[in-house]
Amino acid sequence: MKQNIHLLVIDPQNDFCDLPADWLGTDAATHAPLQPALPVAGAHADMLRLAGLIREGAGGIAGITVTLDSHHRFDIAHPTFWQARGGGAVAPFTAITAAQVRAGDYRPRDAAALPRALAYLDELERRGRYTLMVWPVHCEIGSWGHNVHAAVKAAYNAWEDAQAGLVEKVAKGSNPWTEHYSAVQAEVPDADDPGTALNMRLVASLDRADLVVIAGEASSHCVKATTEHIAAHLPSGRPEKLVLVTDCMSPVTGFEAQHRAFLNDMAARGVQLRTSADVLALLAANA
């Protein structure tokens, strides 16, 4: 019997890909070369493997969902939000704690934002999943970096044309007051923004599949957080229907330990770990 196999692709965007020079264009306004803002080592190769998986296994795929990191330039996790003691700039890859803000080491550039920023940091730290990280401005809505890796887009467009199907897009991260690694829920949901709350519609729709094949970037952050939330909230209670394509995801440099811990934890919960070759064989048999 043919299985309902759904592909979930997490944040396959230019800003996360270590694209070679011949994949880069030029900014028409500034004439500067376009560069990924937060390239993950190995991501371009991951996305080429993923594109091949979609292209060659298209007949076995019942549905595709793509999540898109979608930020404003002003964001609590961007340097544009913060200043250091004395008014200096805050460099990307700076971790900021509530204690440091209370000590005056870091402050919001907008003084009026201090109470809300502190409330966020306090709640984030209480939850114990992450410390606030200041990332380079990335995946800005409307930018080249926000766009999907060209090979992945071409592959899923071909699937859409062949299947007369629709690739569902799920945007996350547009609330500037909370980090939103997971496509299922922001790190600290905003009571005034339903888009930051637990997205059970998405989880339930994925749970209708027999298998959910998961790939994307980065395995240390957005893939990790999304998969953890899906596994925790599946109505069926069957994490074994989740399949992580281990050679179609990579960690942010410096977060390799988090990547390994994530895969080990998911395997312990019953999530399947497979290579793209394994999954392609499965899709071919399902066509």
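The values are calculated or read from the model by the stated rules, or taken from the named source; none is laboratory data. None of these values were measured; they are calculated from a predicted model. Heads up, the Cβs are rebuilt from the backbone with ideal geometry, glycines too, and the neighbour counts pull from every protein chain shown. What goes into the accessible areas is simple: the full protein's heavy atoms, side chains included, and nothing from ligands, DNA or RNA. Shrake-Rupley method; radii C 1.70, N 1.55, O 1.52, S 1.80 Å.
Worth pointing out:
- Residues in the stretch 107-135 that are open to solvent by 10 Å² or more (accessible area, probe 1.4 Å) and closer than 14 Å to Thr94 by Cα: 5 in all.
- Residue within the stretch 8-31 that is more than 19 Å from Trp144 (Cβ to Cβ) and touching a Ser or Thr at 6+ places or on another chain (Cβ under 9 Å) present: yes
- Ala95 open to solvent by 20 Å² or more (accessible area, probe 1.4 Å) and free of Cβ contacts under 8 Å to residues at least 24 places away in the same chain: no
- Qualifying residue in the stretch 5-12 (condition: in contact (Cβ under 8 Å) with a residue 60 or more places away in the chain, over 17 Å from the mean Cα position of the chain (by Cα) and surrounded by 13 or more Cβ atoms within 10 Å (Cβ to Cβ)): yes
- Reported count of residues in the stretch 162-179, each being in a loop (DSSP other than H, G, I, E, B), touching a residue at least 24 places away in the same chain (Cβ under 8 Å) and open to solvent by less than 20 Å² (accessible area, probe 1.4 Å), is 4.
- Filtered residue count, the stretch 30-63, keeping only those that are open to solvent by 30 Å² or more (accessible area, probe 1.4 Å) and over 20 Å from Val243 (Cβ atoms): 9
- Every residue from the stretch 258-275 that is more than 19 Å from the chain's Cα centre (by Cα) and either open to solvent by less than 60 Å² (accessible area, probe 1.4 Å) or among the basic types (Lys, Arg) (or both): Ala267, Arg269, Gly270, Gln272, Arg274, Thr275
- Enumeration of residues in the stretch 186-204 that are of a type in the set (S, T, N, Q) and open to solvent by 30 Å² or more (accessible area, probe 1.4 Å): Asn199
- Verdict on Arg129 being among the charged types (D, E, K, R) and over 19 Å from the mean Cα position of the chain (by Cα): no
- Residues that are closer than 30 Å to His44 by Cα and among the aromatic types (Phe, Trp, Tyr), drawn from the stretch 113-150: Tyr130, Trp135, Trp144
- When restricted to residues that are among the aliphatic types (A, V, I, L, M), in a loop (DSSP other than H, G, I, E, B) and within 30 Å of Met1 (Cα to Cα), the stretch 193-237 contains 2.
- From Asp27, Asp15, residue being of a type in the set (D, E, K, R), touching a residue at least 12 places away in the same chain (Cβ under 8 Å), over 22 Å from Asn286 (Cβ atoms) and surrounded by 15 or more Cβ atoms within 10 Å (Cβ to Cβ): Asp15
- Identity of the residue in the stretch 65-92, open to solvent by 10 Å² or more (accessible area, probe 1.4 Å) and part of a strand (DSSP E or B), that ends up nearest to Ala215 (Cα to Cα): Leu68
- Taking each residue of the stretch 124-143 that is at positive phi and looking for partners that are aliphatic (A, V, I, L, M) and open to solvent by 30 Å² or more (accessible area, probe 1.4 Å) with beta-carbon atoms closer than 9 Å, six or more apart or interchain, yields Cys139/Ala37.
- Residue in the stretch 238-254 that is least open to solvent (accessible area, probe 1.4 Å), counting only those that are under 13 Å from Leu273 (Cβ atoms) and in a helix (DSSP H, G or I): Cys248
- Hey, Ala268 within 23 Å of Leu132 (Cβ to Cβ), without any contact (Cβ under 8 Å) to a residue 24 or more places away in the chain and assigned to a helix (DSSP H, G or I) or not: no
- Residue-level check: of (1) surrounded by 16 or more Cβ atoms within 10 Å (Cβ to Cβ); (2) part of a loop (DSSP other than H, G, I, E, B), Ala151 misses just (2).
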